[in-house]
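Some notes on the structure that comes next.
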Amino acid sequence: MLRVRFTVVCLLSFLLMLPAARADMAEALAAIKKQKFEIAYSLWLPLAEDGNSSAQHNIAQLYRLGKGVPRSYKKAAEWYLKAAELWHAPSQYNLALLYENGLGVAINYAEALYWYRKAAKLDYGVAQFNLAVMYSIGQGMKRNLVEAYKWYDIAADKGIDDAEKNRDLLAKQMTEAQIAEAREEAREWIEWRKKE
């Protein structure tokens, strides 16, 4: 009974905080539009520290861009990681970019690949494109034309610039069987995504 009461109290506390958090997020976005980055930072920081993945992502963006805070790729990576671990696809993508380019973290293609995959599976188009690029050149893993074609095809379906062009260029290096396999995998993935 005590456990049930505790759970109910926690849930009610969380629900009561939602309107305040939403108001702070809206106020921070209004501050951003007015180029008042320090105010946005001060509004987002408590939310980020409380585990709000959108606020964590926004704090990371401010550090990455040096808006309202001194530019720090290291701090950006730390905040992206917090949000990425909470399934925030844009943060997963941005964290992958930092690992791929060695910004605030050591270059680590395996980590970049890991986070691009996570974001791609959450249907984040630019991550799907970058994942295709990594597969097509073998960056961080053995080159895999079928996977590259598949992810280019999926990114093209999302309307990502250059995905279709890159897919078609890649096809010139592939056998008909490889293309058919990649198309089938992409089709299955796209159909699955549309059902979700």
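Every read-out reported here was derived from the displayed coordinates using simple, explicitly stated rules and does not represent laboratory data. Computed from a prediction, not measured in an experiment: that's the story for all the values here. Positions of Cβ are backbone-derived with ideal geometry, glycine not excepted, and every protein chain shown enters the neighbour counts.
Calculate the radius of gyration of the Cα atoms of region 124-196 to one decimal place, then report Dmax, the largest Cα-Cα distance, as a whole number, both in Å.
11.2, 33
Is region 155-196 rounded, prolate or oblate when judged by the Cα gyration tensor, a ≥ b ≥ c being the square roots of its eigenvalues, rounded requiring a/c under 1.5 and prolate requiring a/b larger than b/c?
Values: a/c = 5.34, a/b = 1.32, b/c = 4.05.
Oblate, because a/c is 1.5 or more while a/b does not exceed b/c.
Can you give the charge dipole size of region 124-196 about its Cα centre, rounded to the nearest 20 debye, using +1 on the beta carbon of Lys and Arg and -1 on the beta carbon of Asp and Glu? Don't skip to the answer; put the middle values down first.
Working: 12 positive and 14 negative charges, 31 e Å.
About 140 debye.
Report, to the nearest 10°, how far helix 145-157 tilts away from the longest principal axis of the Cα atoms in the chain, using its own Cα long axis and a range of 0 to 90°.
Taking Cα atoms only, the helix is inclined about 60 degrees.
Note the angle between two axes, namely the Cα long axis of helix 2-33 and the longest principal axis of the Cα atoms of the chain, as a number of degrees from 0 to 90, rounded to the nearest 10.
Here the helix axis deviates by roughly 80 degrees.
Once the cut-off is 21 Å, how many percent of the Cα-Cα pairs in the chain end up in the long-distance tail?
60 percent
Just name one of Ala106, Trp151, Ile59: the one whose Cα is farthest towards the positive end of the charge dipole of the chain (beta-carbon charges, Lys/Arg +1, Asp/Glu -1).
Looking along the dipole axis, the top candidate is Ile59.
Say each of Leu29 and Trp87 gets a label point 7 Å from the Cα, pointing the same way as Cα to Cβ; how far apart are those two points in nm?
Placing both labels 7 Å along Cα→Cβ, they lie 2.1 nm apart.
In this model, which of Lys67/Lys158; Lys36/Lys165; Lys121/Lys165 are farther than 28 Å apart at the alpha-carbon? Each step should come with its number before you reach the end.
Numbers: Lys67/Lys158 30 Å; Lys36/Lys165 40 Å; Lys121/Lys165 22 Å.
Among Lys67/Lys158; Lys36/Lys165; Lys121/Lys165, the Cα-Cα distance tops 28 Å for Lys67/Lys158; Lys36/Lys165.
Normalising by the residue count of region 124-196, find the relative contact order in percent from Cα pairs under 8 Å and 6+ residues apart.
Numbers: 84 pairs, mean separation 21.0, N = 73.
The normalised contact order for region 124-196 reaches 29 percent.
Which one, Leu131, Val69, Leu170, is farthest towards the positive end of the dipole of the chain when Lys and Arg carry +1 and Asp and Glu -1 on their Cβ?
After comparing all options, I get Val69.
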